[in-house]
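Structure, as structure tokens:
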Amino acid sequence: MNRITQCLHGRGTVSAVMRHRHGDRPVPGKYLAFAGMRRPVVFWNVTDRCNLSCTHCYSASGPGSRTDSELTTAEARAFIDDLAATGIPLVIFTGGEPLVRPDIRELAAYCREKGIGTALSTNGTLITGDGAAAIRRSGIGYAGISLDGATAATHDRFRNCPGAFDRAVAAFARCREAGVRCGVRVTLTKENQDELAALVDLARALGASRFCLYWLVPCGRGSDAYERLQLDREEVTRALALLYRKAKEISAEEMEFLTVDAPQDCIHLLQSMERDGSPDLEDAQGLLSSLNGGCSAGDRVANVDPRGNVYPCQFARSPEFLVGNIRDRPFSAIWNDNANPVLARFRVKPPEVSGTCRSCTFLRLCGGGCRVRAWARTGNLAGEDPFCYVGKTGNGPTGAPSEEGSTFPEK
């Protein structure tokens, strides 16, 4: 996760992070990414069911997804008990569409009772006025609502559902009225990249407090569409430059900008700040260095699927990445098992990478990028992330921080 706004407007953040690292008080959500603790944010896919069937869905969810092996309410509550005992700070309910699970509000309320913060990742189409109020009462503090275009034509095409855009947009107003903080989540591809600026404007108009840009990862139905939809270097550089400009223009109090699934984005950010003579550059470097290699998978982030399987992150859900199952062993025992071979590979520092990543000047910052992309392309967890082209020319992202098109030094 590349927290653009927090780095750009982060004076004082380093000292605050260090205080929370060494203190006993709960870590505020805005510092969790830098907290340096092995009590991860848990992305919990509570169901594979979804009322939509999106082109790029990482879990290949849809209306026909099976539910017979999902965790029962009793199993889910026992899981929450274990998370609370472990000191897990935040659970993000996702799916599928989490709101199609009948007991979702009960589970969120139980998390609150146990002292665990909660957030919701949703397509927004099922949020009615009463539903938004129920979300608020359950204790969910934030809802990330997907908008994959600034127009109904683009969004509805991705979501394979006419009317999805209008219902998602309406969800923002309903959540705002109910007192639920909301943000926009977008997966940027070749088919919606031209609407990025308009989407930022729309997010501001809707009162979104966060703008979270995801890059496509080859998993679920995203694997089938990956080569067709993935952006090239110039396209990603333009998108990062736009987000950087917007993050400078828009106050941190109004909206936070971040990107997900490409730790190497931080290199573009630091180079841009250095070019601009940003007074926050030193703090930004400190914050990013504190991550010890970019990617949070298997360390600061965990994923649990509807059947209780534990994975390093929500995108690393192939059999090769299976860590364990909470029906066989408590999550706390699984996550703290230093002998687990999957977790050991994700946690090793400096990261085990090959090719040009091994000698890259920026390796300690980005950790070699996304290991899921490397695995999908090379069959090797230590392979190069094909979505990183730092210092390279031609197709692929993040080489040029300046608007004039200069690139970073060659690896």
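The values are calculated or read from the model by the stated rules, or taken from the named source; none is laboratory data. Because the structure is predicted, anything quoted here is derived from the model rather than measured. Don't worry about glycine lacking a Cβ; one is built from the backbone with ideal geometry, like all the others, and counts go over all protein chains shown. To get the accessible areas, we keep the full protein, side chains included, count just its heavy atoms, and leave off ligands, DNA and RNA. Shrake-Rupley method; radii C 1.70, N 1.55, O 1.52, S 1.80 Å.
Brief remarks on what is shown
- Selected residue (criterion: nearest to residue 265 (Cα to Cα)) from residues of the stretch 292-340 that are surrounded by 15 or more Cβ atoms within 10 Å (Cβ to Cβ), in contact (Cβ under 8 Å) with a residue 60 or more places away in the chain and among the hydroxyl-bearing types (Ser, Thr, Tyr): 296
- Taking the criterion of being among the β-branched types (Val, Ile, Thr) and under 22 Å from the mean Cα position of the chain (by Cα), the residues of the stretch 319-354 that qualify are 323, 342, 348.
- Residues considered: 171, 208, 203, 133. Of these, the only one that is modelled with pLDDT of 95 or more and out of contact with any strand residue (DSSP E or B) (no Cβ under 6 Å at 6 or more places or on another chain) is 133.
- The residue of the stretch 356-380 that is farthest from the chain's Cα centre (by Cα), among those that are β-branched (Val, Ile, Thr) and part of a helix (DSSP H, G or I), is 356.
- Test: residue in the stretch 221-243 that is among the basic types (Lys, Arg), over 18 Å from residue 385 (Cβ atoms) and within 19 Å of the chain's Cα centre (by Cα): yes
- The set of residues in the stretch 357-372 that are open to solvent by less than 50 Å² (accessible area, probe 1.4 Å) and out of contact with any strand residue (DSSP E or B) (no Cβ under 9 Å at 6 or more places or on another chain) comprises 357, 360, 362, 363, 365, 366, 367, 368, 369.
- Residue 43 being surrounded by 20 or more Cβ atoms within 10 Å (Cβ to Cβ) and within 26 Å of residue 186 (Cβ to Cβ): yes
- Cross-chain or 6+ apart pairs with Cβ under 8 Å, the stretch 146-165 first and farther than 12 Å from residue 56 by Cα and free of Cβ contacts under 8 Å to residues at least 12 places away in the same chain, then aliphatic (A, V, I, L, M) and open to solvent by less than 30 Å² (accessible area, probe 1.4 Å): 156/164
- Check on residue 49, surrounded by 18 or more Cβ atoms within 10 Å (Cβ to Cβ), basic (Lys, Arg) and closer than 26 Å to residue 181 by Cβ: yes
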